[in-house]
1. Report the per residue volume, in Å³, of the convex hull enclosing the C-alpha atoms of the chain.
2. Mean 1/r over all different Cα pairs, inverted: what Kirkwood radius does segment 97-145 give, in Å?
3. Can you tell me, using C-alpha contacts under 8 Å and at least 6 residues apart, the relative contact order of segment 7-99 as a whole percent?
4. What's the carbon and sulfur percent of the chain's accessible surface, probe 1.4 angstrom, rounded to a whole number?
5. State, to one decimal in nm, how far the label point of GLN198 lies from the label point of ILE258, with both points 7 Å from Cα in the Cβ direction.
6. Starting from the Cα of LYS257, draw a straight line to each of the aspartates and glutamates and keep only those under 12 Å, dropping any in the same chain fewer than 8 residues away.
7. Strictly greater than 22 Å: what percent of every Cα pair in segment 1-142 meets that?
8. Could you pull the accessible area for MET1 with a 1.4 Å probe, rounded to 10 Å²?
Amino acid sequence: MKILVTGGAGFIGSNFVHYWIKNHSGDEIVVLDKLTYAGNLENLSAVADKIKFIKGDICDESAVSEAMQGVETVAHFAAESHVDRSILDPEAFIKTNVLGTHMLLKKALEQKVKRFHHVSTDEVFGQIDLNSSERWKESSPYNPRSPYSASKAASDHLVRAYYQTYGLPVTISNCANNIGPYMFPEKLVPLAITNVLQGKKIPVYKPGNQVREWLYVEDHCSGIEAVLTKGRVGETYFIGPDNPEYSNLEVIKKLLKIMGKSDDFIEFVGDRPGHDQKYALDHGKISKELGWQPKYQLDEALENCVKWYTENRAWWEKVKSGEYLKYYEQQYAKR
Ligand code: NAD
Ligand code: TYD
């Protein structure tokens with residue numbers, strides 16, 4: 001089978017490429033990636049001879065046509081993915097996440113691909129009250145609250161529209177927050193680990209009681225594999241962990257404990273505008289229907305992350321210099 005992985009040089013996309021090569025060695029993999037600030041060819045260097053890499057924008061019709069040649073399955077990861085950046089500059093999010101997804105759908109239909117899998121997020125459902133024990137289901141109403149989640153919600157709707165209107169064989173997965181190797185160190189967990197390794201404090205948005213579900217990225221990859229190989233066309237599946245509920249502050253304290261550091265590394269900073277309080281998914285459908293279960297608990301996932309970032313200092317030191325510094329200064333200057 002020939003599979004096109006968009007955004008394959010980013011965090012989850014590159015982990016998926018590694019996972020797919022390991023578990024589906026006979027398949028041909030094409031990666032289409034614009035190499036934005038978040039895309040890094042080093043994430044794919046170990047498998048460079050096993051894939052075809054095309055540098056291109058998913059909004060660019062000719063790049064997408066080239067990448068889609070002979071493809072049977074599309075796994076669509078490419079996106080602008082960071083909420084804080086979407087607050088500073090929403091436009092790139094609308095272009096890539098909405099218009100780019102539409103370009104891929106249009107070309108997938110023309111090429112008669114057998115499966116278009118769209119990788120989405122729990123954030124499209126909005127937020128859950130901190131005191132509530134509600135968990136979203138695939139049928140829950142959409143209520144995005146940030147430019148990032150609004151653009152992902154729009155892309156989910158377009159994917160469904162292509163199924164309903166044109167019969168494109170689609171599937172969608174909405175996943176919880178991921179952590180793992182190759183994660184860009186502007187998101188909470190890799191930012192915290194790399195800051196501590198640099199002797200810097202961890203900025204925690206006040207009051208730190210917000211709740212996310214944290215999934216080890218390998219579990220996300222196996223969830224997408226389950227949907228691609230066993231999922232029903234036209235369906236949406238949630239992918240999430242089985243951990244107890246932890247606040248951001250509790251997660252940071254766990255990390256500091258693993259790293260043998262005191263809580264003095266915590267620095268409370270001003271909150272994110274419109275900060276979603278809590279996300280929680282009920283992943284019963286994928287478990288019951290496709291037999292998928294997450295393998296990793298949070299402690300093991302965090303330990304693996306600390307180990308990876310400690311052993312791969314050259315990778316993130318390069319990432320954290322240059323362009324990233326400008327963002328970091330803008331993001332945390334006035335908080
Ligand atoms: P990332 O920001 O690390 O990587 C995104 C990749 O897409 C980069 O390689 C980038 O160069 C590429 N890209 C961006 N714009 C592009 C364009 N116009 N054309 C081609 N390539 C482009 O993101 P990630 O964290 O790996 O997320 C991947 C997908 O998973 C996204 O769709 C995201 O919404 C979704 N998701 C992420 C999480 C998470 O915790 N990170 C959770 C749930 C869902
Ligand atoms: P993030 O990793 O940006 O993912 P998302 O906003 O998509 O869930 O943030 C995870 C949580 O951590 C979120 O509640 C915001 C919070 N956070 C901080 O407290 N400090 C930070 O510096 C960052 C980046 C996030």
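The values are calculated or read from the model by the stated rules, or taken from the named source; none is laboratory data. It should be emphasised that the depicted structure is a prediction, and the values quoted were computed from it without experimental measurement. All Cβ positions, glycine included, derive from the backbone under ideal geometry; neighbour counts span all protein chains shown. We work out accessible area using only protein heavy atoms, side chains counted, and drop any ligands, DNA or RNA first. Shrake-Rupley method; radii C 1.70, N 1.55, O 1.52, S 1.80 Å.
1. It comes to 124 Å³ per residue, whole-number rounded.
2. Evaluated on segment 97-145, it is 13.4 Å.
3. 28
4. Using a 1.4 Å probe with all protein chains present, the chain comes out at 50 percent carbon and sulfur.
5. 2.0
6. Candidates past the 8-residue exclusion: ASP299, GLU303.
7. Tail of the P(r) past 22 Å holds 42 percent of the pairs.
8. The accessible area of MET1 comes to roughly 80 Å².
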